[in-house]
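Data block below; observations after.
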Ligand code: SF4
Ligand code: SF4
Ligand code: FES
C-alpha cells in the first residue's frame, strides 16, 4: 500500500491555506476516496460536496493539480507525482474548503423558458425522428457539474456573470431550441441577456466536460448561427422581404406566460 500526500485547500471567503495530509492508497482509489479517508481518520472538519460517487450528480467538481475535474472520476494513480493538489473551482464564491456557492447557475437556468410545444401537440405523445432524438439527447446528458462554467474565461477571468449565462446554459438553450416540438423563439434572449456573443469559441468548456458534450461545436456555434440568421444576415432579410423564404414561425419570447415555472432538467 502506497502513501501519497493530498494537499487540500482549507479556508473560506476570508482566506485560507494549503494543508498536507498523508493518505494510504488502495487499488482504483479516486481523489474523493482520499478526501473521505481524511474526513474519517484525520480531520472531520474538511468540507467537500458529493452525492453519487459515480460521476453522475455533478457535485464533486474541483481543481485537481490545477485541472477542473470530478473528484469521484479521477483516479489517484492517474495523477502525476506523489503529491496531489485539490482546490475548489474558482469561478464561484467559496463557502468552505472545497465547497463553492454555485446557485448563480440555477438563477440563470430559471430565466430560460422551458419546452413550449404548439397548442395542437401539447400534452400529446411526441413522434420524433431518431436523428432529432439523438441531437437533443447529447445535451440532456449534462450533469450540471459546472466545470465548463468554471473554465469559461468570460465568467472566470472577466467575471461577466452579468452578461453571459455561460456554456452550461447554452447547452440548456440548445436542448430546447433544437427540440423539434418546441415552438418558442429564444434568439432574442440569446442575443440579449444570455449573451451568446460573448463566447469566442475557445472550446475550453468542451475540453473539461465529463460527459463529453460537444458544447461549442454542437450547441454554441449553431445557436450563434441562429442569432446571426435572424439579426445580422442581410441576404436572408432580403429573401424574406421578396417572399422567397418565410420568416421564422416560432413564437417570440414575450408570448410565454409569466407564470412559467416548470424548469426542464
Ligand atoms: S468556447 Fe465560449 S463558452 Fe466555452 S469556454 Fe470558450 S468562451 Fe466560454
Ligand atoms: S455541459 Fe458538461 S461540463 Fe458543463 S455542466 Fe454539463 S456536464 Fe458539466
Ligand atoms: S459525487 Fe456525484 S459526480 Fe462525483
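Just so you know, all these numbers are worked out from the coordinates, no wet-lab data involved. For clarity, every value in this text was computed on a predicted model and none was experimentally measured. Here Cβ is always computed from backbone atoms with ideal geometry, including for glycine, and neighbour counts include all displayed protein chains.
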Angle check, please: helix 130-140 long axis (alpha carbons) against the longest principal axis of the chain (alpha carbons), in degrees 0 to 90, nearest 10. 40
For the range 181-221, state the semi-axes of the equivalent ellipsoid (square roots of 5 times the eigenvalues of the alpha-carbon gyration tensor), sorted largest first and rounded to whole angstrom. 22, 14, 7
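Please report, to one decimal in angstroms, the Kirkwood hydrodynamic radius of the range 3-100 built from all distinct Cα-Cα pairs.
On the way: mean 1/r = 0.0755 Å⁻¹.
That comes to 13.3 Å for the range 3-100.
Eigenvalues of the Cα gyration tensor times 5, then square-rooted: what semi-axes does that give for the chain, in whole angstrom, largest first? The partial results should precede the final answer.
Working: eigenvalues 349, 68, 54 Å².
Square roots of five times the eigenvalues give 42, 18, 16 Å.
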For an R0 of 22 angstrom, estimate the FRET efficiency from the Cβ-Cβ distance between residue 20 and residue 90 and round to the nearest 0.05. 0.60
Given axes a ≥ b ≥ c from the Cα gyration tensor, I'd like to know whether the range 27-154 is rounded (a/c under 1.5), prolate (a/b larger than b/c) or oblate. prolate
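What ranking of 9, 198, 232 emerges when the number of other C-beta atoms within 10 Å of each C-beta is taken as an exposure proxy, fewest first? It would help to have the intermediate numbers written out before the result.
Working: 9 19, 198 16, 232 10.
Least crowded to most crowded, the residues run 232, 198, 9.
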Computed over the chain: longest principal axis from alpha-carbon atoms vs helix 31-41 long axis, angle to nearest 10 degrees, is 40
Mind listing the Cα extents of the range 122-214 along all three principal axes, in Å, largest one first? 45, 29, 19
